[in-house]
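Visitor: Got a structure here, written out as C-alpha coordinates. Questions coming.
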Amino acid sequence: MNTSELIKSGKAVLGIEFGSTRIKAVLIDEENKPIAQGSHEWENQLVDGLWTYSINMIWNGLKDCYSSLRKEVNTKYGVEIEQLAAIGISAMMHGYMAFNKDEEILVPFRTWRNTNTGAAAKELSQLFNYNIPLRWSISHLYQCILNNDEHVKEINFLTTLAGYIHWQITGERVLGVGDASGMLPINPATKSYDEQMVEKFNNLIAEKNYPWKILDILPKSLSAGENAGFLTPKGAALLDESGTLKPGTPVCPPEGDAGTGMVATNAVKQRTGNVSAGTSSFSMIVLEKELSEPSEMIDMVTTPDGSLVAMVHCNNCTSDLNAWVNIFKEYQQLLGIEVDMNEVFSKLYNNALNGDADCGGLISYNYFSGEHLTGLTEGRPLFVRSTKDNFNLANFMRAHLYASVAVLKLGNDVLFNKEKVKVNRLTGHGGLFKTKGVGQRILAAALNSPISVMETAGEGGAWGIALLASYLINKNETQSLPDFLEEVIFNGNTGEEISPLKEDVEGFNKYIEAYKADLVIEHAAVASHKG
(Lines give C-alpha, C1' and ligand atoms only; values in the text may rest on other atoms or scores of the structure.)
Protein backbone atom coordinates (compact mmCIF):
# COMPACT_ATOMS: atom_id res chain seq x y z
CA MET A 1 0.00 0.00 0.00
CA ASN A 2 1.46 3.37 -0.99
CA THR A 3 1.10 6.47 1.18
CA SER A 4 -1.86 7.89 -0.77
CA GLU A 5 -3.78 4.62 -0.41
CA LEU A 6 -2.84 4.39 3.27
CA ILE A 7 -4.26 7.86 4.00
CA LYS A 8 -7.34 7.28 1.85
CA SER A 9 -8.10 3.98 3.60
CA GLY A 10 -7.94 5.61 7.05
CA LYS A 11 -4.77 3.83 8.23
CA ALA A 12 -2.75 6.95 9.16
CA VAL A 13 -2.36 8.09 12.78
CA LEU A 14 -2.48 11.75 13.85
CA GLY A 15 -0.63 13.43 16.72
CA ILE A 16 -1.17 17.08 17.67
CA GLU A 17 0.81 19.00 20.27
CA PHE A 18 0.20 22.50 21.59
CA GLY A 19 3.66 23.89 22.35
CA SER A 20 4.49 27.29 23.78
CA THR A 21 5.10 28.96 20.41
CA ARG A 22 3.74 26.45 17.91
CA ILE A 23 0.88 24.01 17.48
CA LYS A 24 2.16 21.07 15.43
CA ALA A 25 0.40 18.16 13.77
CA VAL A 26 2.21 15.02 12.57
CA LEU A 27 0.64 12.28 10.47
CA ILE A 28 2.40 8.90 10.65
CA ASP A 29 2.14 5.75 8.56
CA GLU A 30 1.87 2.08 9.58
CA GLU A 31 5.63 2.03 10.22
CA ASN A 32 5.18 5.01 12.59
CA LYS A 33 7.15 7.33 10.34
CA PRO A 34 6.02 10.93 9.67
CA ILE A 35 4.40 11.38 6.25
CA ALA A 36 2.92 14.89 6.61
CA GLN A 37 2.97 17.84 9.00
CA GLY A 38 1.00 20.96 9.78
CA SER A 39 1.66 23.86 12.12
CA HIS A 40 0.38 27.13 13.51
CA GLU A 41 2.50 29.78 15.21
CA TRP A 42 1.15 31.45 18.34
CA GLU A 43 2.33 33.41 21.37
CA ASN A 44 1.11 33.65 24.93
CA GLN A 45 -0.30 36.96 26.14
CA LEU A 46 0.24 38.75 29.44
CA VAL A 47 -3.25 39.72 30.60
CA ASP A 48 -3.80 41.30 34.04
CA GLY A 49 -0.35 40.10 35.07
CA LEU A 50 -0.93 36.45 34.07
CA TRP A 51 0.30 34.49 31.04
CA THR A 52 -2.54 33.06 28.98
CA TYR A 53 -3.87 31.93 25.60
CA SER A 54 -7.52 32.75 24.89
CA ILE A 55 -10.09 30.07 24.06
CA ASN A 56 -10.42 31.57 20.57
CA MET A 57 -6.64 31.32 20.08
CA ILE A 58 -6.77 27.65 21.05
CA TRP A 59 -9.50 26.65 18.60
CA ASN A 60 -8.43 28.93 15.77
CA GLY A 61 -4.89 27.61 16.18
CA LEU A 62 -6.04 23.98 16.12
CA LYS A 63 -8.13 24.52 12.98
CA ASP A 64 -5.33 26.37 11.20
CA CYS A 65 -2.81 23.68 12.17
CA TYR A 66 -5.05 20.88 10.90
CA SER A 67 -5.86 22.89 7.76
CA SER A 68 -2.14 23.22 6.96
CA LEU A 69 -1.77 19.44 7.45
CA ARG A 70 -4.70 18.82 5.03
CA LYS A 71 -3.09 21.09 2.45
CA GLU A 72 0.24 19.26 2.68
CA VAL A 73 -1.49 15.87 2.37
CA ASN A 74 -3.44 17.11 -0.65
CA THR A 75 -0.36 18.62 -2.31
CA LYS A 76 1.95 15.65 -1.66
CA TYR A 77 -0.45 12.76 -2.07
CA GLY A 78 -3.51 14.12 -3.90
CA VAL A 79 -6.00 12.81 -1.32
CA GLU A 80 -8.17 14.07 1.53
CA ILE A 81 -8.05 12.81 5.13
CA GLU A 82 -11.49 11.28 5.64
CA GLN A 83 -10.76 8.79 8.40
CA LEU A 84 -7.89 8.18 10.80
CA ALA A 85 -6.72 5.03 12.60
CA ALA A 86 -6.03 6.86 15.89
CA ILE A 87 -5.53 10.37 17.26
CA GLY A 88 -3.51 11.76 20.16
CA ILE A 89 -3.61 15.22 21.76
CA SER A 90 -0.73 16.68 23.76
CA ALA A 91 -0.02 20.13 25.20
CA MET A 92 2.02 22.14 27.66
CA MET A 93 1.74 20.49 31.07
CA HIS A 94 0.15 21.88 34.19
CA GLY A 95 -1.60 25.22 34.43
CA TYR A 96 -5.21 25.95 35.27
CA MET A 97 -8.36 25.58 33.19
CA ALA A 98 -11.50 25.68 35.34
CA PHE A 99 -15.01 25.23 33.89
CA ASN A 100 -18.54 25.53 35.25
CA LYS A 101 -21.39 23.06 34.64
CA ASP A 102 -22.19 24.79 31.34
CA GLU A 103 -18.63 24.10 30.09
CA GLU A 104 -17.76 27.82 30.26
CA ILE A 105 -14.23 28.74 31.32
CA LEU A 106 -14.38 30.62 34.63
CA VAL A 107 -11.10 32.56 34.38
CA PRO A 108 -8.62 32.85 31.49
CA PHE A 109 -6.37 29.80 31.04
CA ARG A 110 -3.36 30.18 33.35
CA THR A 111 -0.29 28.57 31.80
CA TRP A 112 2.70 26.81 33.33
CA ARG A 113 4.60 30.09 32.99
CA ASN A 114 2.79 31.87 35.83
CA THR A 115 4.57 32.15 39.18
CA ASN A 116 1.84 33.78 41.27
CA THR A 117 1.16 30.64 43.31
CA GLY A 118 4.05 30.79 45.80
CA ALA A 119 1.98 30.84 49.00
CA ALA A 120 -0.17 27.91 47.85
CA ALA A 121 2.75 25.79 46.63
CA LYS A 122 4.66 26.32 49.88
CA GLU A 123 1.71 25.38 52.09
CA LEU A 124 0.81 22.32 50.02
CA SER A 125 4.43 21.12 49.92
CA GLN A 126 4.49 21.20 53.72
CA LEU A 127 1.07 19.55 54.01
CA PHE A 128 1.92 16.70 51.63
CA ASN A 129 5.65 16.47 52.53
CA TYR A 130 6.13 16.48 48.77
CA ASN A 131 7.43 19.16 46.44
CA ILE A 132 4.44 20.89 44.85
CA PRO A 133 5.67 23.24 42.08
CA LEU A 134 4.22 26.69 41.41
CA ARG A 135 2.82 25.70 38.02
CA TRP A 136 0.92 22.57 39.07
CA SER A 137 -2.85 22.72 38.79
CA ILE A 138 -3.34 22.05 42.51
CA SER A 139 -1.16 25.08 43.31
CA HIS A 140 -3.25 27.30 41.03
CA LEU A 141 -6.48 25.97 42.54
CA TYR A 142 -5.36 26.43 46.14
CA GLN A 143 -4.00 29.92 45.40
CA CYS A 144 -7.46 30.85 44.09
CA ILE A 145 -8.91 29.47 47.33
CA LEU A 146 -6.43 31.48 49.43
CA ASN A 147 -7.40 34.56 47.41
CA ASN A 148 -11.09 33.86 48.09
CA ASP A 149 -11.79 33.98 44.35
CA GLU A 150 -15.52 33.84 43.69
CA HIS A 151 -15.29 31.45 40.75
CA VAL A 152 -13.96 28.52 42.84
CA LYS A 153 -17.38 27.48 44.13
CA GLU A 154 -18.63 27.19 40.54
CA ILE A 155 -15.93 24.76 39.38
CA ASN A 156 -17.37 21.65 37.78
CA PHE A 157 -14.22 20.48 35.95
CA LEU A 158 -10.54 21.35 36.31
CA THR A 159 -8.07 20.19 33.68
CA THR A 160 -4.96 20.95 31.64
CA LEU A 161 -4.86 22.24 28.06
CA ALA A 162 -4.45 18.71 26.64
CA GLY A 163 -7.28 17.47 28.84
CA TYR A 164 -9.53 20.34 27.71
CA ILE A 165 -9.04 19.69 23.99
CA HIS A 166 -9.49 15.93 24.45
CA TRP A 167 -12.70 16.54 26.42
CA GLN A 168 -14.11 18.77 23.71
CA ILE A 169 -13.36 16.37 20.84
CA THR A 170 -14.37 13.14 22.64
CA GLY A 171 -16.67 14.15 25.49
CA GLU A 172 -14.39 12.27 27.93
CA ARG A 173 -13.05 13.90 31.11
CA VAL A 174 -9.80 11.95 31.26
CA LEU A 175 -6.06 12.63 31.28
CA GLY A 176 -2.94 10.59 30.67
CA VAL A 177 -1.22 9.71 33.94
CA GLY A 178 1.89 11.74 33.04
CA ASP A 179 -0.12 14.93 32.60
CA ALA A 180 -2.33 14.05 35.59
CA SER A 181 0.80 13.89 37.75
CA GLY A 182 1.18 17.63 37.09
CA MET A 183 -2.27 18.28 38.56
CA LEU A 184 -1.96 16.35 41.83
CA PRO A 185 0.70 13.77 42.83
CA ILE A 186 0.19 10.22 41.56
CA ASN A 187 0.52 7.00 43.54
CA PRO A 188 2.78 4.85 41.28
CA ALA A 189 1.13 1.68 42.63
CA THR A 190 -2.40 2.68 41.56
CA LYS A 191 -1.42 5.08 38.73
CA SER A 192 -4.07 7.45 40.04
CA TYR A 193 -4.11 10.45 42.38
CA ASP A 194 -2.46 9.79 45.76
CA GLU A 195 -5.24 8.85 48.17
CA GLN A 196 -3.61 10.36 51.27
CA MET A 197 -2.99 13.70 49.55
CA VAL A 198 -6.56 13.75 48.23
CA GLU A 199 -7.84 13.29 51.78
CA LYS A 200 -5.47 15.93 53.19
CA PHE A 201 -6.56 18.46 50.57
CA ASN A 202 -10.25 17.82 51.14
CA ASN A 203 -9.73 18.29 54.89
CA LEU A 204 -7.71 21.47 54.27
CA ILE A 205 -10.56 23.16 52.37
CA ALA A 206 -13.49 21.57 54.26
CA GLU A 207 -14.40 24.80 56.08
CA LYS A 208 -15.01 26.51 52.73
CA ASN A 209 -18.04 24.24 52.14
CA TYR A 210 -17.58 24.11 48.38
CA PRO A 211 -20.14 21.93 46.55
CA TRP A 212 -17.31 19.66 45.34
CA LYS A 213 -14.45 17.53 46.63
CA ILE A 214 -11.19 17.42 44.70
CA LEU A 215 -11.80 14.10 42.89
CA ASP A 216 -15.20 15.39 41.73
CA ILE A 217 -13.55 18.00 39.53
CA LEU A 218 -10.33 16.30 38.37
CA PRO A 219 -10.10 14.24 35.15
CA LYS A 220 -9.76 10.47 35.50
CA SER A 221 -6.14 9.33 35.22
CA LEU A 222 -5.41 6.79 32.46
CA SER A 223 -2.22 4.94 31.51
CA ALA A 224 -0.84 4.72 27.97
CA GLY A 225 -2.76 2.18 25.91
CA GLU A 226 -6.03 2.54 27.81
CA ASN A 227 -9.24 3.46 26.00
CA ALA A 228 -9.82 7.23 26.27
CA GLY A 229 -12.82 7.67 23.97
CA PHE A 230 -13.58 8.33 20.33
CA LEU A 231 -13.72 11.38 18.07
CA THR A 232 -17.28 12.73 18.16
CA PRO A 233 -19.05 14.57 15.31
CA LYS A 234 -18.49 17.79 17.30
CA GLY A 235 -14.81 16.89 17.69
CA ALA A 236 -14.38 16.20 13.96
CA ALA A 237 -15.87 19.64 13.19
CA LEU A 238 -13.57 21.32 15.73
CA LEU A 239 -10.55 19.78 14.00
CA ASP A 240 -11.57 20.01 10.36
CA GLU A 241 -13.47 23.06 9.16
CA SER A 242 -13.92 21.48 5.73
CA GLY A 243 -16.20 18.78 7.15
CA THR A 244 -14.23 16.02 5.39
CA LEU A 245 -12.99 14.24 8.53
CA LYS A 246 -15.40 11.60 9.84
CA PRO A 247 -15.98 10.84 13.55
CA GLY A 248 -15.40 7.52 15.29
CA THR A 249 -11.59 7.46 15.50
CA PRO A 250 -10.17 6.12 18.81
CA VAL A 251 -8.24 8.77 20.77
CA CYS A 252 -5.46 7.86 23.20
CA PRO A 253 -5.15 9.40 26.69
CA PRO A 254 -4.09 13.06 26.32
CA GLU A 255 -0.59 13.76 27.57
CA GLY A 256 1.65 16.64 28.54
CA ASP A 257 4.68 17.69 26.54
CA ALA A 258 7.00 16.11 29.09
CA GLY A 259 5.45 12.69 28.51
CA THR A 260 5.53 12.98 24.73
CA GLY A 261 9.17 14.09 24.91
CA MET A 262 9.99 10.90 26.83
CA VAL A 263 8.24 8.80 24.20
CA ALA A 264 9.87 10.62 21.25
CA THR A 265 13.32 9.96 22.74
CA ASN A 266 12.67 6.39 23.93
CA ALA A 267 13.15 7.45 27.54
CA VAL A 268 10.40 5.68 29.49
CA LYS A 269 12.50 2.85 30.94
CA GLN A 270 14.20 3.15 34.33
CA ARG A 271 17.70 4.70 34.16
CA THR A 272 16.90 6.52 30.94
CA GLY A 273 16.16 10.21 30.61
CA ASN A 274 15.74 13.08 28.22
CA VAL A 275 16.25 16.81 28.10
CA SER A 276 13.85 19.07 26.22
CA ALA A 277 15.33 22.46 25.42
CA GLY A 278 13.20 25.05 23.67
CA THR A 279 11.22 28.02 25.00
CA SER A 280 11.43 26.34 28.39
CA SER A 281 13.62 23.41 29.34
CA PHE A 282 13.18 20.33 31.43
CA SER A 283 14.98 17.10 32.13
CA MET A 284 13.20 13.84 32.92
CA ILE A 285 14.97 10.89 34.50
CA VAL A 286 13.03 7.66 35.12
CA LEU A 287 13.91 6.54 38.65
CA GLU A 288 14.59 3.13 40.14
CA LYS A 289 13.32 4.28 43.55
CA GLU A 290 11.90 7.29 45.42
CA LEU A 291 14.26 10.14 46.31
CA SER A 292 15.55 10.29 49.89
CA GLU A 293 13.71 13.55 50.58
CA PRO A 294 11.64 16.20 48.76
CA SER A 295 13.54 18.96 46.98
CA GLU A 296 12.17 22.25 45.70
CA MET A 297 14.28 21.77 42.59
CA ILE A 298 12.85 18.35 41.70
CA ASP A 299 9.28 17.68 40.58
CA MET A 300 8.05 14.11 40.88
CA VAL A 301 5.91 13.17 37.88
CA THR A 302 5.39 9.98 35.89
CA THR A 303 5.95 8.47 32.47
CA PRO A 304 2.82 7.97 30.32
CA ASP A 305 2.65 4.42 31.71
CA GLY A 306 3.00 5.52 35.35
CA SER A 307 6.68 5.03 36.28
CA LEU A 308 8.18 7.57 38.70
CA VAL A 309 10.17 10.40 37.08
CA ALA A 310 12.40 13.12 38.57
CA MET A 311 11.76 16.28 36.60
CA VAL A 312 13.77 19.50 36.66
CA HIS A 313 11.68 22.20 35.00
CA CYS A 314 12.98 25.64 34.04
CA ASN A 315 10.72 28.41 32.76
CA ASN A 316 13.42 29.92 30.54
CA CYS A 317 15.70 28.43 27.92
CA THR A 318 16.19 29.72 24.36
CA SER A 319 14.00 32.86 24.20
CA ASP A 320 16.79 35.28 25.14
CA LEU A 321 19.33 33.37 23.04
CA ASN A 322 17.02 33.64 20.02
CA ALA A 323 16.48 37.36 20.68
CA TRP A 324 20.24 37.99 20.49
CA VAL A 325 20.54 35.93 17.30
CA ASN A 326 17.82 38.13 15.79
CA ILE A 327 20.00 41.18 16.49
CA PHE A 328 22.62 39.67 14.18
CA LYS A 329 19.92 39.02 11.60
CA GLU A 330 18.96 42.72 11.71
CA TYR A 331 22.62 43.68 11.31
CA GLN A 332 22.87 41.54 8.18
CA GLN A 333 19.73 43.14 6.81
CA LEU A 334 21.19 46.60 7.43
CA LEU A 335 24.18 45.60 5.32
CA GLY A 336 21.84 44.39 2.59
CA ILE A 337 22.93 40.77 3.00
CA GLU A 338 20.33 38.08 2.36
CA VAL A 339 19.51 36.29 5.61
CA ASP A 340 19.39 32.51 6.00
CA MET A 341 18.49 31.97 9.65
CA ASN A 342 19.78 28.39 9.66
CA GLU A 343 23.16 29.74 8.57
CA VAL A 344 23.06 32.55 11.16
CA PHE A 345 22.37 30.07 13.97
CA SER A 346 24.98 27.63 12.68
CA LYS A 347 27.76 30.24 12.35
CA LEU A 348 27.10 31.84 15.75
CA TYR A 349 26.66 28.54 17.62
CA ASN A 350 29.73 26.90 16.13
CA ASN A 351 31.82 30.01 16.74
CA ALA A 352 30.79 29.83 20.41
CA LEU A 353 32.80 26.62 20.69
CA ASN A 354 35.94 28.68 19.94
CA GLY A 355 35.35 30.72 23.10
CA ASP A 356 36.92 30.24 26.52
CA ALA A 357 35.53 27.25 28.44
CA ASP A 358 34.33 29.62 31.21
CA CYS A 359 33.03 32.20 28.66
CA GLY A 360 35.85 34.57 29.62
CA GLY A 361 33.92 35.68 32.70
CA LEU A 362 30.80 36.77 30.78
CA ILE A 363 27.42 35.84 32.29
CA SER A 364 23.89 35.86 30.89
CA TYR A 365 20.61 35.64 32.80
CA ASN A 366 17.98 34.57 30.26
CA TYR A 367 14.94 35.26 32.44
CA PHE A 368 12.07 36.32 30.20
CA SER A 369 9.81 35.18 33.04
CA GLY A 370 10.29 34.21 36.68
CA GLU A 371 12.41 31.19 37.60
CA HIS A 372 11.38 29.39 40.77
CA LEU A 373 14.60 27.37 41.00
CA THR A 374 16.53 30.59 41.58
CA GLY A 375 13.84 32.30 43.67
CA LEU A 376 12.55 34.77 41.07
CA THR A 377 8.82 35.35 40.63
CA GLU A 378 9.49 37.71 37.71
CA GLY A 379 12.19 37.88 35.10
CA ARG A 380 14.36 40.47 33.39
CA PRO A 381 16.96 39.33 30.83
CA LEU A 382 20.44 40.58 31.70
CA PHE A 383 23.90 40.34 30.21
CA VAL A 384 26.61 40.86 32.82
CA ARG A 385 30.33 41.55 32.38
CA SER A 386 33.17 43.42 33.98
CA THR A 387 35.90 45.44 32.30
CA LYS A 388 38.38 42.64 33.02
CA ASP A 389 36.40 39.94 31.20
CA ASN A 390 37.37 38.60 27.80
CA PHE A 391 34.59 40.19 25.76
CA ASN A 392 34.41 38.81 22.21
CA LEU A 393 31.75 37.26 19.98
CA ALA A 394 32.64 33.63 20.74
CA ASN A 395 32.47 34.17 24.51
CA PHE A 396 29.32 36.27 24.14
CA MET A 397 27.47 33.48 22.32
CA ARG A 398 28.92 30.79 24.57
CA ALA A 399 27.66 32.67 27.66
CA HIS A 400 24.13 32.72 26.21
CA LEU A 401 24.30 29.04 25.33
CA TYR A 402 25.48 28.24 28.87
CA ALA A 403 22.67 30.40 30.29
CA SER A 404 20.07 28.39 28.37
CA VAL A 405 20.89 25.29 30.47
CA ALA A 406 22.39 26.88 33.62
CA VAL A 407 19.29 26.50 35.81
CA LEU A 408 18.78 22.99 34.46
CA LYS A 409 22.29 22.19 35.73
CA LEU A 410 21.46 23.50 39.21
CA GLY A 411 18.55 21.08 39.53
CA ASN A 412 20.35 18.09 38.08
CA ASP A 413 23.32 18.65 40.38
CA VAL A 414 20.92 17.72 43.22
CA LEU A 415 19.98 14.46 41.47
CA PHE A 416 23.47 13.38 40.45
CA ASN A 417 25.57 14.70 43.33
CA LYS A 418 23.23 14.42 46.31
CA GLU A 419 20.77 11.65 45.40
CA LYS A 420 23.38 9.65 43.41
CA VAL A 421 20.81 8.91 40.69
CA LYS A 422 22.16 6.63 37.96
CA VAL A 423 21.29 7.07 34.30
CA ASN A 424 22.41 4.92 31.36
CA ARG A 425 21.24 7.19 28.56
CA LEU A 426 20.25 10.87 28.32
CA THR A 427 18.72 12.07 25.05
CA GLY A 428 18.34 15.69 24.01
CA HIS A 429 15.56 17.11 21.84
CA GLY A 430 14.18 20.53 20.99
CA GLY A 431 15.32 23.72 19.29
CA LEU A 432 18.65 24.00 21.16
CA PHE A 433 19.88 20.88 19.34
CA LYS A 434 18.99 21.92 15.78
CA THR A 435 22.56 23.10 15.08
CA LYS A 436 24.36 19.77 14.96
CA GLY A 437 26.67 19.02 17.88
CA VAL A 438 26.71 22.41 19.60
CA GLY A 439 23.81 22.35 22.06
CA GLN A 440 24.63 18.69 22.64
CA ARG A 441 28.21 19.51 23.66
CA ILE A 442 27.08 22.39 25.89
CA LEU A 443 24.54 20.18 27.69
CA ALA A 444 27.09 17.37 28.08
CA ALA A 445 29.37 19.88 29.83
CA ALA A 446 26.57 21.21 32.04
CA LEU A 447 25.41 17.77 33.24
CA ASN A 448 28.84 16.08 32.99
CA SER A 449 27.11 13.24 31.18
CA PRO A 450 27.08 11.82 27.64
CA ILE A 451 24.16 13.22 25.62
CA SER A 452 22.55 11.46 22.67
CA VAL A 453 20.50 13.13 19.95
CA MET A 454 18.40 11.12 17.50
CA GLU A 455 17.48 12.22 14.00
CA THR A 456 13.85 11.66 14.96
CA ALA A 457 14.14 13.95 18.01
CA GLY A 458 13.45 16.90 15.75
CA GLU A 459 9.94 15.50 15.22
CA GLY A 460 9.24 16.39 18.84
CA GLY A 461 6.17 15.92 20.96
CA ALA A 462 3.64 15.79 18.12
CA TRP A 463 5.40 12.63 16.92
CA GLY A 464 5.55 11.41 20.53
CA ILE A 465 1.77 11.67 21.01
CA ALA A 466 1.24 10.07 17.58
CA LEU A 467 3.32 7.12 18.84
CA LEU A 468 1.11 6.89 21.94
CA ALA A 469 -1.94 6.85 19.64
CA SER A 470 -0.26 4.11 17.59
CA TYR A 471 0.44 2.15 20.80
CA LEU A 472 -3.28 2.32 21.65
CA ILE A 473 -4.26 0.43 18.50
CA ASN A 474 -1.14 -1.60 17.65
CA LYS A 475 0.18 -3.04 20.93
CA ASN A 476 -0.20 -6.72 21.61
CA GLU A 477 -1.86 -7.82 24.87
CA THR A 478 1.36 -8.21 26.85
CA GLN A 479 3.45 -5.44 25.28
CA SER A 480 4.44 -2.67 27.69
CA LEU A 481 5.06 0.86 26.43
CA PRO A 482 8.87 0.57 26.93
CA ASP A 483 8.89 -2.71 24.98
CA PHE A 484 6.72 -1.26 22.19
CA LEU A 485 9.10 1.67 21.80
CA GLU A 486 12.23 -0.48 22.01
CA GLU A 487 11.05 -3.27 19.69
CA VAL A 488 8.71 -1.56 17.23
CA ILE A 489 9.71 2.12 17.02
CA PHE A 490 13.43 2.51 17.73
CA ASN A 491 14.70 -1.03 17.16
CA GLY A 492 17.92 -0.44 19.10
CA ASN A 493 18.64 3.04 17.71
CA THR A 494 20.09 5.19 20.52
CA GLY A 495 21.15 8.13 18.36
CA GLU A 496 24.46 9.95 18.09
CA GLU A 497 26.27 10.44 21.40
CA ILE A 498 28.66 13.17 22.54
CA SER A 499 30.66 12.72 25.76
CA PRO A 500 31.62 15.72 27.91
CA LEU A 501 35.07 17.23 27.41
CA LYS A 502 37.05 17.69 30.63
CA GLU A 503 37.86 21.35 29.88
CA ASP A 504 34.20 22.09 29.04
CA VAL A 505 33.01 20.58 32.34
CA GLU A 506 35.58 22.56 34.33
CA GLY A 507 34.72 25.73 32.41
CA PHE A 508 30.98 25.29 32.95
CA ASN A 509 31.53 24.65 36.67
CA LYS A 510 33.51 27.91 36.90
CA TYR A 511 30.76 29.73 34.98
CA ILE A 512 28.01 28.36 37.25
CA GLU A 513 29.81 29.46 40.42
CA ALA A 514 30.01 33.03 39.07
CA TYR A 515 26.39 32.71 37.89
CA LYS A 516 25.20 31.79 41.40
CA ALA A 517 27.31 34.49 43.07
CA ASP A 518 25.99 37.21 40.76
CA LEU A 519 22.31 36.21 40.99
CA VAL A 520 21.97 39.15 43.39
CA ILE A 521 22.27 41.38 40.32
CA GLU A 522 19.28 39.70 38.68
CA HIS A 523 17.26 39.90 41.90
CA ALA A 524 18.07 43.60 42.20
CA ALA A 525 17.14 44.22 38.56
CA VAL A 526 13.76 42.53 39.00
CA ALA A 527 13.09 44.40 42.27
CA SER A 528 13.84 47.78 40.68
CA HIS A 529 11.97 47.15 37.43
CA LYS A 530 8.30 46.42 38.03
CA GLY A 531 5.86 46.21 35.14
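Visitor: Any idea which of (1) part of a helix (DSSP H, G or I); (2) in contact (Cβ under 8 Å) with a residue 40 or more places away in the chain is the one Gly428 doesn't satisfy?
Guide: Checking Gly428 against (1) part of a helix (DSSP H, G or I); (2) in contact (Cβ under 8 Å) with a residue 40 or more places away in the chain, the one that fails is (1).
Visitor: What are the residues in segment 353-370 that are without any contact (Cβ under 8 Å) to a residue 60 or more places away in the chain, under 21 Å from Gly278 (Cβ atoms) and crowded, with 20+ Cβ neighbours inside 10 Å, if any?
Guide: Ser364, Asn366
Visitor: For segment 349-379, which residues satisfy the criterion of being part of a loop (DSSP other than H, G, I, E, B) and at pLDDT below 95?
Guide: Residues satisfying the conditions are Phe368, Ser369, Gly370, Gly375, Thr377, Glu378, Gly379.
Visitor: Filter segment 1-17 for residues that are among the small types (Gly, Ala, Ser) and not in a loop (DSSP other than H, G, I, E, B); which is least open to solvent (accessible area, probe 1.4 Å)?
Guide: Among them, the one singled out is Gly15.
Visitor: Filter segment 108-165 for residues that are assigned to a helix (DSSP H, G or I), under 27 Å from Ile465 (Cβ atoms) and open to solvent by 10 Å² or more (accessible area, probe 1.4 Å) and give the result.
Guide: Tyr164
Visitor: If we keep just the residues of segment 395-406 that are out of contact with any Ser or Thr (no Cβ under 6 Å at 6 or more places or on another chain) and open to solvent by less than 10 Å² (accessible area, probe 1.4 Å), which is farthest from Ile285 (Cα to Cα)?
Guide: Looking at the filtered set, the residue picked out is Asn395.
Visitor: Given the conditions (1) in a helix (DSSP H, G or I); (2) touching a residue at least 24 places away in the same chain (Cβ under 8 Å); (3) open to solvent by 30 Å² or more (accessible area, probe 1.4 Å); (4) over 26 Å from Thr159 (Cα atoms), report the number of the one that Glu30 does not fulfil.
Guide: Looking at each condition in turn, Glu30 falls short on (1).
Visitor: Sticking with this structure for a sec: Kindly indicate whether any position in segment 38-56 is surrounded by 14 or more Cβ atoms within 10 Å (Cβ to Cβ), under 19 Å from Glu82 (Cβ atoms) and modelled with pLDDT of 95 or more.
Guide: So far as segment 38-56 goes, yes, one or more of its residues are surrounded by 14 or more Cβ atoms within 10 Å (Cβ to Cβ), under 19 Å from Glu82 (Cβ atoms) and modelled with pLDDT of 95 or more.
Visitor: A further question follows. Find the helices (runs of 4 or more DSSP H) located wholly in segment 458-531 whose residues include 1 or more that are open to solvent by less than 50 Å² (accessible area, probe 1.4 Å), of a type in the set (Phe, Trp, Tyr) and in contact with a strand residue (DSSP E or B) (Cβ under 9 Å, 6 or more places away or on another chain), and list them.
Guide: Answer list for segment 458-531: 460-474, 502-517.
Visitor: Which of the residues belonging to segment 49-78 are part of a loop (DSSP other than H, G, I, E, B) and among the hydroxyl-bearing types (Ser, Thr, Tyr)?
Guide: Tyr53, Ser54
Visitor: Taking Lys101, is it under 21 Å from Lys213 (Cβ atoms), touching a strand residue (DSSP E or B) at 6+ places or on another chain (Cβ under 9 Å), crowded, with 18+ Cβ neighbours inside 10 Å and charged (D, E, K, R)?
Guide: No: the conditions fail for Lys101.
Visitor: Specify which of the listed residues (Leu184, Leu218, Leu222) is in contact (Cβ under 8 Å) with a residue 12 or more places away in the chain, of a type in the set (A, V, I, L, M), over 26 Å from His151 (Cα atoms) and buried (at least 16 other Cβ atoms within 10 Å of the Cβ).
Guide: Result: Leu222 is the single residue among Leu184, Leu218, Leu222 that is in contact (Cβ under 8 Å) with a residue 12 or more places away in the chain, of a type in the set (A, V, I, L, M), over 26 Å from His151 (Cα atoms) and buried (at least 16 other Cβ atoms within 10 Å of the Cβ).
Visitor: When residues of segment 164-185 are filtered for being under 26 Å from Glu103 (Cβ atoms) and either in contact with an Asp or Glu (Cβ under 7 Å, 6 or more places away or on another chain) or among the aliphatic types (A, V, I, L, M) (or both), how many remain?
Guide: Number of matching residues: 12.
Visitor: Out of the residues in segment 380-413 that are part of a strand (DSSP E or B) and touching a residue at least 60 places away in the same chain (Cβ under 8 Å), which is farthest from Ser295 (Cα to Cα)?
Guide: Result: Val384.
Visitor: Let me ask you something else. Give the residues of segment 371-394 that are over 30 Å from Pro133 (Cβ atoms) and open to solvent by less than 20 Å² (accessible area, probe 1.4 Å), sorted by residue number.
Guide: Passing the criteria: only Ala394.
Visitor: Looking at Ser20, Ser68, which is the one that is out of contact with any Asp or Glu (no Cβ under 9 Å at 6 or more places or on another chain) and open to solvent by less than 50 Å² (accessible area, probe 1.4 Å)?
Guide: It is Ser68.
The values are calculated or read from the model by the stated rules, or taken from the named source; none is laboratory data. Remember, predicted model here, so these are calculated numbers, not experimental data. Using ideal geometry, Cβ is built from the backbone for each residue, glycine included, and neighbour counts are taken over all protein chains shown. Keep in mind that these areas ignore ligands, DNA and RNA; they rest on the heavy atoms of the full protein, side chains included. Shrake-Rupley method; radii C 1.70, N 1.55, O 1.52, S 1.80 Å.
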